[in-house]
Amino acid sequence: MIDALKQLIAIPSVSQTEYTKDALRYVLTLCKGFGFRVFDGGSYGYAEIGEGEEMMGIIGHLDVVPAGLGWDTDPFTATIKDGQIIGRGVMDDKGPMMAAIYAMKDVKEGDKHLNKRVRIIFGTCEEVGEWEDIEAYKEKEELPTFGFTPDADFPAIYGEKGLLQTEWHTPLKKSGFQSVSGGEAPNMVPAWAKAQLDDGTVIEAKGKSAHGSTPEDGVNAITKLMEQATGPLADFYREKIDMHGNKLHLDLWDEQSGALTLNVGKVEVKGKDVVLSVDIRYPVTYKEADVMKILKQEVEPGMHIVRIGGRGPIYMDKNGPIITKMLEAYREITHDNAEPLVIGGGTYARAMDHIVAFGPVFPGVELTEHQANERINIADLEKARKIYRLTIEKLATD
């Protein structure tokens, strides 16, 4: 499994590049070699085992966010050190998908009889846009009856905050900057930023990357840059922007999922405008319209807002039959009675009904997705493989 993962990591399948197709071809060839039935749909693909009317789905993605700065090793050469494998995508989502592939292989070669089909569905543009890959799959292919996506945390996820990505535009000539740039993607805490002010002063800032849904885990280099800068945009930024939206009166909170988060993931000059790319995760009991109404009131007097994409929150019964079986499998392997969670991250669980985000990150393990030196414990991947195998056996065998 680890050798196969190394080869997958070596494919730099950053979202919206041709390498995503190479990653898809690689995993489908691997699955075909294991005797799975495979299909390449271009932006998506799948591999399937078993027989039956019903179909269990395992849904994940092969695209990754850009490598960014701050790596101690080549992000696209998997490195093993101190029991961990290091490389872009090992946690999000190539490592977990490889664990799921091998779990299916284990089930296929085992002595349990599948009474349902089990299909692993590979997406290639989860990290950006409107998930055109999964939308294309849904248009053309059979939908799973139920299933999971290995793209979050154990023991299981029963809710995900709403996601809203926007661009905030202001004219460059009125911004106080001659030039400004920073960050890699809206859903990454930016690790770098640089600018030249109207008076010619050049400033730079360094931060620490993290997932955009957990800005508290990183250090935002754009925020650090704006703290040093002068001019209308920097003044606006300091007055209006913080990681929980408090300065915008966006301090939304609920008991189920906690506080709203706001991440300025990227700044750049586009045409005659300076553009901030802003990623917002809002609590499960609110709607996108609630957020947009406040944004327009607070931001549009100074900047123009463009909606780039978004997905509503999901919230399901944590005592339902699917999550219950998944928890049984998790607890039998780990002997841990941790309770299901609600997260700020957005997974393919939003894209189809009855899909639960399930692993691979165990309680207490550091989240390194979207960060420099992304890594995962090899022992944890092997344990996830066992949990996924047992889950398939509980949900899809006699």
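The values are calculated or read from the model by the stated rules, or taken from the named source; none is laboratory data. Values in this document were obtained by computation on a predicted structure and should not be read as measured data. Neighbour counts run over all protein chains shown; Cβ positions are idealised from the backbone, glycine included.
Give the residue, chosen from G309, G271, G265, that is at pLDDT below 95 and among the small types (G, A, S).
Details: G271 fails: at pLDDT below 95; G265 fails: at pLDDT below 95.
The unique qualifying residue is G309.
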### Task
Identify the residue in segment 170-190 that is in a strand (DSSP E or B) and among the small types (G, A, S) and, among all such residues, is farthest from G200 (Cα to Cα).
G182
### Summary
Taking segment 1-25 and the residues there that are within 18 Å of the chain's Cα centre (by Cα) and of a type in the set (V, I, T), the one that is surrounded by the fewest Cβ atoms within 10 Å (Cβ to Cβ) would be T17
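Determine which member of the set A338, A384 is crowded, with 22+ Cβ neighbours inside 10 Å and in contact with a Pro (Cβ under 6 Å, 6 or more places away or on another chain). Step through it out loud before you land on a result.
Working: A338 fails: crowded, with 22+ Cβ neighbours inside 10 Å.
Result of the check over A338, A384: A384.
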### Message
Quick check on my filter: what residues within segment 87-130 are hydrophobic (A, V, I, L, M, F, W, C), part of a strand (DSSP E or B) and surrounded by fewer than 23 Cβ atoms within 10 Å (Cβ to Cβ)?
### Response
L114
